[in-house]
Structure formats: C-alpha cells, structure tokens
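J.: I have a structure here, written as structure tokens, and I will follow up with some questions on it.
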Amino acid sequence: MQNPPPVQTAKSSTGLDENIAALLSYVFGWVSGLIFFLIEKDSRLVRFHAMQSILFNVLIGVVAFVVWIVVFILLLIVSRISDALGTVLGLLVTLLWLAFLVGILIAWILCLVKAFQGKYFKLPIIGNFAEKFSAPK
C-alpha cells in the first residue's frame, strides 16, 4: 500500500502553512483566534478559522453564563419547595452540563480536523458571521 502524496498548502503571512495556522487558531480558544486574526493579512482560510474560533468561544461563554444563571435561580426556587426535587433537578442539570461539554468538545475537534485539512467548515449560525467578518475589505 502506498502512502498518499503530501497535501500542498499555501503559506500564510505568518510564515506557517495555511492549514497549520488555521488549526492553531482554535488551540487556545479566543486568544489564539484573536492573535491569528490580527496578524494574518493574506490567507482568507486562516482569517475565517480565526474568526470562527473567536465567535465559537464567545458564544460558549455567553450561553454557559446565561444557562448557569437560569439554573441557579431554578435550583433556588425548587429547593425551597422540596429538597428531593432540588436534588433531582441538580442531577439533571449536571447531566445536561455534561452533554453540553461533550457537544463543545466534538465541535472543537471537528473544527481542528477541518482546519488542518484546509477546508472551510462553517459551524451553524456563527460560520456565516465568521465568513462575513473575515472577508477582505
């Protein structure tokens, strides 16, 4: 069995291959996304993945914060009604947080793989915004 030929990738203005720079924009969350978005001038692929990384991580933070507040208030109210009901709700919330974190991990790994392959992979909703914000001026 022969190995496939190596993928030819263009260089970004950072000096890295485009696919490596796009992958690295996801590694440290919004911080690495912001760094690559600000320093990349030429590669639309890198700018797209960097902006998508920023938007993805900001969205995760906002959703997690809002859900945390809602759950906290619900737990306060329900635990006043019944301790057993509060315990059951607490367990359900823990399972929902776990599912939320697994979903984030799967989306993050998918973004890493697609960026390394040099593909434009758009996450639902924020992918369109990332494409719009990363377009050349």
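The values are calculated or read from the model by the stated rules, or taken from the named source; none is laboratory data. Here the structure is a predicted model, which is why all the values come from computation and not from measurement. Cβ coordinates were reconstructed from backbone atoms using ideal geometry, including for glycine residues, and neighbour counts include every protein chain displayed. Just the protein is used for accessible areas: all its heavy atoms, side chains included, with ligands, DNA and RNA removed. Shrake-Rupley method; radii C 1.70, N 1.55, O 1.52, S 1.80 Å.
J.: Exactly one condition in (1) of a type in the set (A, V, I, L, M); (2) closer than 16 Å to Tyr120 by Cβ; (3) modelled with pLDDT under 85 is false for Ala21; which is it?
T.: Unmet for Ala21, out of (1) of a type in the set (A, V, I, L, M); (2) closer than 16 Å to Tyr120 by Cβ; (3) modelled with pLDDT under 85: (3).
J.: Residue under question is Phe37, and the condition is that it be open to solvent by 30 Å² or more (accessible area, probe 1.4 Å) and without any contact (Cβ under 8 Å) to a residue 24 or more places away in the chain; does it hold?
T.: Answer is no for this residue.
J.: So which residues in segment 10-26 are touching a residue at least 40 places away in the same chain (Cβ under 8 Å), closer than 11 Å to Ser53 by Cβ and either of a type outside the set (Gly, Ala, Ser) or in a loop (DSSP other than H, G, I, E, B) (or both), if there are any at all?
T.: Correct list: Leu23, Tyr26.
J.: Here's a follow-up. Go through segment 107-137 and count every residue that is within 17 Å of Leu24 (Cα to Cα), open to solvent by 90 Å² or more (accessible area, probe 1.4 Å) and assigned to a helix (DSSP H, G or I).
T.: Number of matching residues: 1.
J.: Assess whether Leu75 counts as being without any contact (Cβ under 8 Å) to a residue 60 or more places away in the chain, over 23 Å from Ser25 (Cβ atoms) and open to solvent by 70 Å² or more (accessible area, probe 1.4 Å).
T.: no
J.: Continuing with the same structure: In this structure, is Gly86 of a type in the set (Gly, Ala, Ser), open to solvent by less than 40 Å² (accessible area, probe 1.4 Å) and at pLDDT below 95?
T.: Taking the combined requirement at face value, the residue satisfies it.
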